[in-house]
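Right, one structure below, let's go through it.
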Amino acid sequence: MPRAKRSKLYRKLMERFSISFGFREPYQVLIDAELLLDASRHKIELVKRLEQTLHGQVKPLITQCCIRQLYGRKGEAGVDSAIELGKLFERRRCGHHPDQYPEPLSGLECLSSVVDPKDNGVNKFHYVVASNELEIRAHMRRILGVPLIYITRSVMIMEPMASGSVNERSKEERGKLRAEIKKPVGKRKRDDDDDDDDNSDGGQKRNEQNKSSRETEQKAKLSRAKGPNPLAVKKPKKTKTVNQVQGPKSSIPKPLEGSELAEGPKRKRKRKHKSTAADGETVAIAKSKAAPQPEAGVEVEA
């Protein structure tokens, strides 16, 4: 997973822990002996890397048993630097004194007694556990609301929220959604003050005045002339005008005026066509018939 994407995922995860389980800065980080050894061997700036992973200020803590375990392994490589680094952290009192416990308890027993002293499965003091031991992380997953961190190949990794913590978180969210707004029980302060005023003489006068004003308002309402409901009354029909009765303009032609009547309809001009030879004969015959005939006894000059 890319570094930017992983950093964004861790930031959202810590926001969920802060909303659901009440984690606040500076985050209290319990560190065991194994993770402290790995950090010193890989030369990791532990505090700086924890702040980058948790996206906030941190308060590193180490128990008395864990530091005693480091002193017991003093001959191994890298233990001296781990002890010097552990001395810089705040010592968390686990209650396992050397007088009562000559041998230091294991990391699992010591850290579980600090995180969940009453064995009720709740991280009461909001600890973040940084451990490289699988047994410790497996046990811490059973406790609600415990962020887990470990180092592998010089890379600090934060585990996703355990299934038990996820179920508890979803249960709380469903409860918030289903919760109804409860009405305030009893009377409010304002109502109590009004009752005190009513018990006094001034309060009685005010009540009488209020009653009289209400009666006058009721009488005024009764005296008003009540008309029909305007929504229930049928709307009056609109009378149609002359133009609406006639409707749209008809296509009847207008009557002719006097001058147009006198002229009458115009005649159509016929076109004359040229006569043929046969027509010429008929025309000559017609002309001869039309010519005046001479009277009897009058000679016609040839």
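The values are calculated or read from the model by the stated rules, or taken from the named source; none is laboratory data. This is a predicted model, so every value here is computed, not measured. Quick reminder, even Gly has a Cβ in these numbers, built from the backbone with ideal geometry, and neighbours come from all protein chains shown. Surface accessibility is based on the protein's heavy atoms, side chains included, excluding ligands, DNA and RNA. Shrake-Rupley method; radii C 1.70, N 1.55, O 1.52, S 1.80 Å.
Results, tabulated for the structure shown:
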item: Amide hydrogen neighbours beyond the local backbone of Gly145, cut-off 5 Å, H modeled; result: Ser165
item: Stretch gain in nm, segment Asp80-Thr216, where the contour uses 0.36 nm per residue and the Cα spacing is subtracted; result: 39.3 nm
item: Residue-by-residue Karplus 3J(HN,Hα) for region 165-178, coefficients 6.51, -1.76, 1.60, Hz, glycine and proline x; result: 5, 5, 5, 5, 5, 5, 5, 5, 5, 5, x, 5, 5, 7
item: In Hz, Karplus ³J(HN,Hα) per residue of region 145-162 (6.51, -1.76, 1.60; θ = phi - 60°; x = Gly, Pro); result: x, 10, x, 10, 10, 8, 10, 9, 6, 6, 10, 8, 10, 10, 6, x, 4, 5
item: Karplus-derived HN-Hα couplings along region 78-88 (A = 6.51, B = -1.76, C = 1.60, θ = phi - 60°), whole Hz, x at Gly and Pro; result: x, 6, 4, 5, 5, 5, 5, 5, x, 5, 6
item: Translational diffusion of region 3-167, µm² s⁻¹ [Kirkwood Rh, Cα pairs; Stokes-Einstein; 10 °C; 1.306 mPa s]; result: 99 µm²/s
item: Å² of accessible area per residue within region 3-167, as computed with a 1.4 Å probe and no ligands counted; result: 54 Å²
item: Protection proxy ranking of 134-142, 49-57, 72-80, 211-219 - average other beta-carbon atoms within 10 Å, highest first; result: 49-57, 134-142, 72-80, 211-219
item: Links that overshoot a 29 Å alpha carbon limit, given the list Lys8/Lys118; Lys48/Lys74; Lys8/Lys87; Lys43/Lys74; result: Lys8/Lys118; Lys8/Lys87
